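Visitor: A single structure is presented below for examination.
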Amino acid sequence: MAHIWVIDDGSTDETPQVLRELQTQFPALQVHRRESKGGKSGALNAVFPFTQGEIILVCDADAQLRANFLQQTVPLFQKQAIGAVQVRKAISNANTNFLTRCQQMEMNCDSFLQTHRIAIGGMSELRGNGMLVRRELLEKCQGWNENTVTDDLDLCFKLYLAGAEIEFVTVPSIQEEGVTTWKKLWNQRCRWAEGGYQRYLDYFPQILTLVWEKEIDLLLFFLLQFLLPIGLIPDVLWTIFYSHHPVLFPLQTLLSIILTIAFIAGLYQFQNLRGWSLVWATTQGSLYMVHWIPVMIVTTLKMCVQRERSHWVKTEHRGRNG
């Protein structure tokens, strides 16, 4: 039997009233209210001791999933090595504007990359929304890290260091709201970037004890997603002022090839795009991904000068009726 907990993490809107109405319709629904502190990790840790299930499903408030979601995902844990499962994410408001359409493309690209990283023995990653984790592993990892801005990325490293594997599945999927403005996108991505950085610092040198396939995967991921964007501008200036060949050209080429293939394959498989529609969508998605360059540069500079870690900040959503 599934037990459902809803955490009202310091909501300032009509959430408490909505939850009270839902509890009258569904008496088994359990609600935990608290003043927000410790971010999402703190909210999850607050309720975890009251849960009873062997498998914990974590969903954000904007999540939409099918009625047979658990029937399609829980059997995956019959493999003892599987410690967690992440399902493919989709954008529920993809048709709102350019940003939401591109976030949908980005999710599809990510799904292709995740499945193929696993296929070659690399690492998969949890995405916060629509992730299932074994209770015994959460207990072994002492719950979620409240000293991080990305609870999901942090938990990935903890699970792998505990000897577990993370499975990624494309069916079923879970829908969530995409952010609709550049300001919200910027704030969200800076948080993701900072959390991605921080986990390397927090779990080094322990992560060097993983098997070699995962070590190579980690190294490539760090080089292409973190170090390459930081070095692009100095590399361009070096090339312009000294008429030298760009030093990072091989890495730029590798990243461009990987992203192009991932976008084409993801859009082909999950959005059923063909022909010129596929080419145009891939072009838009590739241009959209350039936003990661300033995000990485600003985040790197911020982490170099700030004395304390950033605090987790909730991403605002309008909801289905907003």
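The values are calculated or read from the model by the stated rules, or taken from the named source; none is laboratory data. Note that the coordinates shown come from a computational prediction; the quantities given were computed from them, not determined experimentally. Glycine gets a Cβ as well: all are built from the backbone with ideal geometry, and neighbour counts include every protein chain shown.
Visitor: Can you find even one residue in region 237-249 that is within 28 Å of LEU153 (Cβ to Cβ), surrounded by fewer than 18 Cβ atoms within 10 Å (Cβ to Cβ) and polar (S, T, N, Q)?
Guide: No, there is no match, as no residue in region 237-249 is within 28 Å of LEU153 (Cβ to Cβ), surrounded by fewer than 18 Cβ atoms within 10 Å (Cβ to Cβ) and polar (S, T, N, Q).
Yes/no matrix, rows are residues, columns are (1) in a helix (DSSP H, G or I); (2) over 30 Å from ILE297 (Cβ atoms); (3) not hydrophobic (A, V, I, L, M, F, W, C):
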site	(1), (2), (3)
GLY122	no, no, yes
TRP144	no, no, no
ASN187	yes, no, yes
TYR200	yes, no, yes
PHE204	no, no, no
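Visitor: I'm trying to understand the selection: among the residues of region 59-99, which are β-branched (Val, Ile, Thr) and out of contact with any helix residue (DSSP H, G or I) (no Cβ under 7 Å at 6 or more places or on another chain)?
Guide: Scanning region 59-99 gives THR73, VAL74, THR96.
Visitor: Would you mind stating whether ASN108 is without any contact (Cβ under 8 Å) to a residue 60 or more places away in the chain and within 18 Å of GLN284 (Cα to Cα)?
Guide: Working: without any contact (Cβ under 8 Å) to a residue 60 or more places away in the chain: no; within 18 Å of GLN284 (Cα to Cα): yes.
Spelling it out, it is not the case that ASN108 is without any contact (Cβ under 8 Å) to a residue 60 or more places away in the chain and within 18 Å of GLN284 (Cα to Cα).
Visitor: Considering only residues that are polar (S, T, N, Q) and assigned to a helix (DSSP H, G or I), look in region 59-79 and name the one that is surrounded by the fewest Cβ atoms within 10 Å (Cβ to Cβ).
Guide: Ranking the qualifying residues of region 59-79, first place goes to GLN78.
Visitor: May I ask you to verify whether GLU35 is of a type outside the set (Val, Ile, Thr), out of contact with any His (no Cβ under 9 Å at 6 or more places or on another chain) and farther than 30 Å from SER310 by Cβ? Can you show your working first?
Guide: Working: of a type outside the set (Val, Ile, Thr): yes; out of contact with any His (no Cβ under 9 Å at 6 or more places or on another chain): yes; farther than 30 Å from SER310 by Cβ: no.
When the stated conditions are applied, GLU35 does not pass them.
Visitor: In addition: Any residue in region 260-277 that is over 19 Å from MET289 (Cβ atoms) sitting within a Cβ distance under 9 Å of a residue that is at pLDDT 95 or above and in a helix (DSSP H, G or I)? List the pairs, counting only those 6 or more apart or interchain.
Guide: What qualifies is ARG274/TYR268.
Visitor: Looking only at residues that are in a helix (DSSP H, G or I) and charged (D, E, K, R) in region 1-58, which one is farthest from GLU136 (Cα to Cα)?
Guide: GLU21
Visitor: Sticking with this structure for a sec: Exactly one condition in (1) within 23 Å of TRP292 (Cα to Cα); (2) outside any loop (DSSP other than H, G, I, E, B) is false for GLU136; which is it?
Guide: Among (1) within 23 Å of TRP292 (Cα to Cα); (2) outside any loop (DSSP other than H, G, I, E, B), GLU136 violates only (1).
Visitor: I need the full set of residues from region 139-169 which are acidic (Asp, Glu) and in contact with a strand residue (DSSP E or B) (Cβ under 8 Å, 6 or more places away or on another chain), in order please.
Guide: ASP152, GLU165, GLU167, listed by residue number.
Visitor: Which of the residues spanning region 164-185 are part of a loop (DSSP other than H, G, I, E, B), touching a Leu at 6+ places or on another chain (Cβ under 9 Å) and farther than 16 Å from LEU132 by Cβ? Spell out how you get there, then give the answer.
Guide: The first filter runs over region 164-185 and keeps only residues part of a loop (DSSP other than H, G, I, E, B), leaving 164, 177-181.
Among the residues that remain, those that are also touching a Leu at 6+ places or on another chain (Cβ under 9 Å) are: 164, 178-181.
The answer is GLY178, VAL179, THR180, THR181.
Visitor: Determine whether SER111 is under 17 Å from the mean Cα position of the chain (by Cα), modelled with pLDDT under 95 and buried (at least 18 other Cβ atoms within 10 Å of the Cβ). Don't jump to the end; show me each part of the working.
Guide: On the way: under 17 Å from the mean Cα position of the chain (by Cα): yes; modelled with pLDDT under 95: no; buried (at least 18 other Cβ atoms within 10 Å of the Cβ): yes.
So SER111 fails the test.
Visitor: Follow-up. How many of the residues in region 82-112 are in a loop (DSSP other than H, G, I, E, B) and among the hydroxyl-bearing types (Ser, Thr, Tyr)? Steps first, answer last, please.
Guide: Applying the first criterion (in a loop (DSSP other than H, G, I, E, B)) to region 82-112 yields 92-97.
Then keep just the ones that are among the hydroxyl-bearing types (Ser, Thr, Tyr); that gives 92, 96.
Number of matching residues: 2.
For (1) more than 23 Å from THR282 (Cβ to Cβ); (2) modelled with pLDDT under 95; (3) surrounded by fewer than 21 Cβ atoms within 10 Å (Cβ to Cβ); (4) not hydroxyl-bearing (Ser, Thr, Tyr), each residue gets a yes or a no:
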| position | (1), (2), (3), (4) |
| --- | --- |
| MET131 | yes, no, no, yes |
| LEU137 | yes, no, yes, yes |
| GLN142 | yes, yes, yes, yes |
| ASP151 | yes, yes, no, yes |
| LEU155 | yes, no, no, yes |
| LEU161 | yes, no, yes, yes |
| ILE174 | yes, no, no, yes |
| ALA193 | yes, yes, no, yes |
| LEU201 | yes, yes, yes, yes |
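Visitor: Limited to region 267-296, what total is found for residues that are of a type in the set (Lys, Arg) and either in a helix (DSSP H, G or I) or surrounded by 14 or more Cβ atoms within 10 Å (Cβ to Cβ) (or both)?
Guide: 0
Visitor: Would you please name the residue that is farthest from the chain's Cα centre (by Cα), looking only at residues in region 50-83 that are within 24 Å of GLN269 (Cα to Cα) and small (Gly, Ala, Ser)?
Guide: ALA67
Let's see how each residue does on (1) among the hydrophobic types (A, V, I, L, M, F, W, C); (2) touching a strand residue (DSSP E or B) at 6+ places or on another chain (Cβ under 9 Å):
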position	(1), (2)
ASP217	no, no
PHE221	yes, no
GLN225	no, no
GLN269	no, yes
